[in-house]
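One structure is given below, encoded as structure tokens.
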Amino acid sequence: MKIKQFFFKALLLSILTWGTVEAIFYFDPYKKYDLETSYNAVIIDKYKRLQETPSPKIVLIAGSNFAYGINSKLIADSLQKPVVNMAIHYAYGTKFMLNQISPELHKGDTVIMGFEYIIESKGNKSEQLLMARCFPKAKEWMEFDDFFEEIRENGQLRINTFRTILERLYKNKEINYQISDTTSVFFRGATNEYGDLISHYNNPSKKPIPRAILSDKVSLKGAINDMNAFYEAMKSKEVKVYFVYPTYSEENYVLDKKIIDKYQQEYEKYARFPILGKPTDFVFADSLYQDMAYHLTQKGAEIRTKKIIQLLGRISF
């Protein structure tokens, strides 16, 4: 009897505890503030532009190397087509990001992929769920391995949210992010009308430029397979798809050249989509980078964008 009472009390305590976590998750006192300021919420503005921009349009998709490193106005003015920069963060993974843009692509559109060397197919479910907190439609782009993974990831999201809310209540501090300041980078208002990140323009660059974490034990084959499937699906919609290598700072390229050479070999072996240029086309002096090996300054973005325009000019665009 005592054992039954113990388990009953333990079960009741678990239900009450989880009920508290669930209630705070749904009645998050910071939700409105986060919708206005969180970098995850930038998808609301980017997706609105994607939906509202008429075809034929050019859509850019990658992680932060495209968010930082593109001047979309240069592309739009040069190629006389509207541009939508959908790049946010590499951690979402290729499958999620390509699922994100696929339904909004139509005949005559062009997609330029520029995924990082650290890109994965599956992506980080925690990051994907954080986006879905701000933009519920993002749930449609997620793919779980099974029911148990879905339960586990959603449960972890609630626990992390509960912990974060308690910390914020204790600190009781809100940050007023501004493009004009010299510190803020990742917040909802950090992009221009095209979707390019511009919040770092006033910020001092780091010296030296930190490396990205590349590994010769990691294969990009899964991500390339996602891109192949996307390319084949877009051909039936008469949407053109191209790939350009990500940008990478010169000093870090020297350190990681063997790994990048391996990745280039994988692209050349497995990719069925057209690749414009080679990795060295997008390797620039460290002085053109902001805060890591992928993140260009405003000047660096202009140089990189002109290189992409030049490569596009060599094909029947």
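Figures for the structure shown
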quantity	calculated
Region 155-238: Cα Rg divided by the 2.2 N^0.38 Å rule of thumb	1.69
Whole-number D in µm² s⁻¹ for region 202-252, Kirkwood Cα-pair radius fed into Stokes-Einstein, 4 °C, 1.567 mPa s	90 µm²/s
Within region 85-106: backbone nitrogen closer than 15 Å to the Ser55 label point (7 Å, Cα to C-beta)	101-106
Computed over the chain: relative contact order in percent, which uses C-alpha pairs under 8 Å that are six or more apart	23 percent
Geometric extent, Cα atoms of region 94-156 - Rg, Dmax (angstrom)	13.3, 42
Pairwise label distance in nanometres, Arg152 with Glu22, each label 7 Å out on the Cα-Cβ vector	2.1 nm
15 Å Cα-Cα reach of Lys125 towards aspartates and glutamates, excluding residues that sit fewer than 8 places from it in its own chain	Glu140, Glu143, Asp145, Asp146, Glu149, Glu150, Glu153
Two-decimal Rg/Rh across region 255-310, once Rg and the Kirkwood Rh are taken from alpha-carbon atoms	1.01
Which label in (1) 55, 45, 39; (2) 57, 55, 45; (3) 80, 43, 43 gives the computed Cα extents along the principal axes in Å	(3)
For region 33-110, alpha-carbon Rg over 2.2 N^0.38 Å	1.09
Of Lys122/Lys262; Lys73/Lys95; Lys73/Lys207, those spanning more than 23 Å from alpha-carbon to alpha-carbon	Lys73/Lys95; Lys73/Lys207
Extension gain (nm, one decimal) between Lys262 and Leu166, 0.36 nm per residue minus Cα-Cα	30.0 nm
Amide proton proximity set for Glu116, modelled H, under 5 Å, gap of 5+	Gly63
Reachable lysines, given that their alpha-carbon falls under 17 Å from the alpha-carbon of Lys31 and they are not under 8 places away in the same chain	Lys137, Lys171, Lys173
Most mobile of Asp146, Asp256, Asp181 in a GNM of the chain (Cα contacts under 10 Å)	Asp146
For region 184-207 and region 156-170, distance of Cα centres in Å	27 Å
Cα-projected label distance for Ala285 with Ile44, points at 7 Å along beta-carbon direction, nm	4.2 nm
Cα lying deepest toward the dipole's positive end in the chain, options Ser236, Phe135, Asn176, charges on Cβ	Phe135
Peptide ranges 291-301, 75-85 listed from the most packed, as the mean C-beta count within 10 angstrom indicates	291-301, 75-85
Rounded Å value of the spacing that divides the Cα centres of region 61-76 and region 219-293	14 Å
Under 18 Å from Lys107, Cα to Cα: aspartates and glutamates that are on another chain or at least 8 residues apart	Glu52, Glu232, Glu238
Rg/Rh (Cα only; Kirkwood hydrodynamic radius) as it applies to region 196-317	0.99
Where labels lie 7 Å past Cα in the beta-carbon direction, separation of Asp34 and Ser205 in nm	3.5 nm
Dipole magnitude of region 27-313, debye to nearest 20 (Cβ charges: Lys/Arg +1, Asp/Glu -1, about Cα centre)	160 debye
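Read-outs: derived from the displayed coordinates by stated rules, not from any lab. Computed from a prediction, not measured in an experiment: that's the story for all the values here. As a convention, Cβ positions derive from the backbone with ideal geometry for all residues, glycine included, and neighbour counts pool all protein chains shown.
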